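Participant: Pasting a structure here, questions to come.
The values are calculated or read from the model by the stated rules, or taken from the named source; none is laboratory data. What you see is a predicted model, and the numbers here were worked out from it, not measured in a lab. Neighbour counts are summed over all protein chains in view; Cβ atoms, including those assigned to glycine, are modelled from backbone coordinates with ideal geometry.
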Amino acid sequence: MPVTPTKAMVLAAGLGLRMRPLTERMPKPMVPVAGKPLLDHVLDKLADAGVGEAVVNVRYLPDQIIDHVAHRTQPRIIISDERNEVLGTGGAVVKALPLLGETPFFHLNADTMWIDGARPNLTRMAEAFDSERMDILLLMAPTASSIGYGGSGDYAMLPDGALRKRKENQVVPFVYAGVAIISPALFAGTSISEFSLTKIFDRANEQERLFGLRLEGVWMHVGTPDAVKAAEQAVLVSAT
């Protein structure tokens, strides 16, 4: 029986260099899109999915994020402060593991944005996660219908959802949308140090325990100031 994760980690510690000049005075998760910060778009979706606690890591201009989420109750926010450390996306999770518990948790980039289809994608992911077959389930956006993305994709996806990493010079139809369900057991024996979460994805992939779920709706890659305008236009259209 699928169990919806009750905890989440939201990565909000990046420098947001590609989002300058917007990020010269504010961290990227606080950049407003369609009337509210990127971070709130993510946290609101977690609240709607029934997630009770979210660990938010901070490093760049951290006090703006800490102050912004201080009064939030759905989900309740726990800050993982990294202002004196450089941990990367993988080390950040290892540091937060004591706060995340021993069951699979949602993992989201603070700057990911999407418009749901008929059913919320977080709900669909919780239903699709099968701990007997998988250690990680990634939300995968079709590159052809994504907004603000111009890359070659990240993975090909087999009919059963198993993922195969893109080889160099290859073009594949799906890009990681910045949302995952991850089993904490993957990090057993890992010390707190700087490394990329991609290393954990690759390990799960090698063991054929990395799966994907196709996003229903529209994914927006909000990586630059121009992409903010495109995302706002998409939200405006979806609301009409």
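Participant: Do we have Asp40 as more than 11 Å from Phe106 (Cα to Cα), out of contact with any helix residue (DSSP H, G or I) (no Cβ under 9 Å at 6 or more places or on another chain) and not in a strand (DSSP E or B) here?
Facilitator: For Asp40, the condition - more than 11 Å from Phe106 (Cα to Cα), out of contact with any helix residue (DSSP H, G or I) (no Cβ under 9 Å at 6 or more places or on another chain) and not in a strand (DSSP E or B) - is not met.
Participant: Considering the stretch 7-59 alone, what residues qualify as being polar (S, T, N, Q) and at pLDDT 95 or above?
Facilitator: Asn57
Participant: Could you identify the single residue in Asp135, Asp116, Asp130 that is surrounded by 21 or more Cβ atoms within 10 Å (Cβ to Cβ) and either farther than 29 Å from Pro225 by Cα or touching a residue at least 24 places away in the same chain (Cβ under 8 Å) (or both)?
Facilitator: Residue meeting the stated conditions: Asp135.
Participant: What pairs come up if the first residue lies in the stretch 202-225 and is in contact (Cβ under 8 Å) with a residue 24 or more places away in the chain, the second is in a helix (DSSP H, G or I) and surrounded by fewer than 19 Cβ atoms within 10 Å (Cβ to Cβ), and their beta carbons are under 6 Å apart, counting only those six or more places apart or on different chains?
Facilitator: Leu213/Ala128; Gly223/Arg18; Thr224/Arg18
Participant: For the stretch 158-211, which positions are in a strand (DSSP E or B) and either among the charged types (D, E, K, R) or out of contact with any Asp or Glu (no Cβ under 9 Å at 6 or more places or on another chain) (or both)?
Facilitator: Arg164, Lys165, Ala177, Val179, Ala180, Ile181
Results for (1) within 27 Å of Ser238 (Cα to Cα); (2) touching a residue at least 12 places away in the same chain (Cβ under 8 Å); (3) crowded, with 21+ Cβ neighbours inside 10 Å, shown as yes or no for each residue.
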{"position": "Ala13", "(1), (2), (3)": "no, yes, yes"}
{"position": "Leu43", "(1), (2), (3)": "yes, yes, yes"}
{"position": "Asp48", "(1), (2), (3)": "yes, yes, no"}
{"position": "Tyr60", "(1), (2), (3)": "no, yes, no"}
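Participant: Ok, one more. Being buried (at least 18 other Cβ atoms within 10 Å of the Cβ) and touching a Leu at 6+ places or on another chain (Cβ under 6 Å) is the filter here; which residues of the stretch 214-239 pass it?
Facilitator: Answer for the stretch 214-239, where residues must be buried (at least 18 other Cβ atoms within 10 Å of the Cβ) and touching a Leu at 6+ places or on another chain (Cβ under 6 Å): just Leu215.
Participant: If you don't mind, there's one more thing I want to ask. If we keep just the residues of the stretch 104-128 that are over 17 Å from Ala47 (Cβ atoms) and out of contact with any strand residue (DSSP E or B) (no Cβ under 8 Å at 6 or more places or on another chain), which is modelled with the lowest pLDDT?
Facilitator: Ranking the candidates gives Ala118 first.
Participant: How many residues, within the stretch 174-191, are free of Cβ contacts under 8 Å to residues at least 60 places away in the same chain and surrounded by 15 or more Cβ atoms within 10 Å (Cβ to Cβ)?
Facilitator: The total comes to 4.
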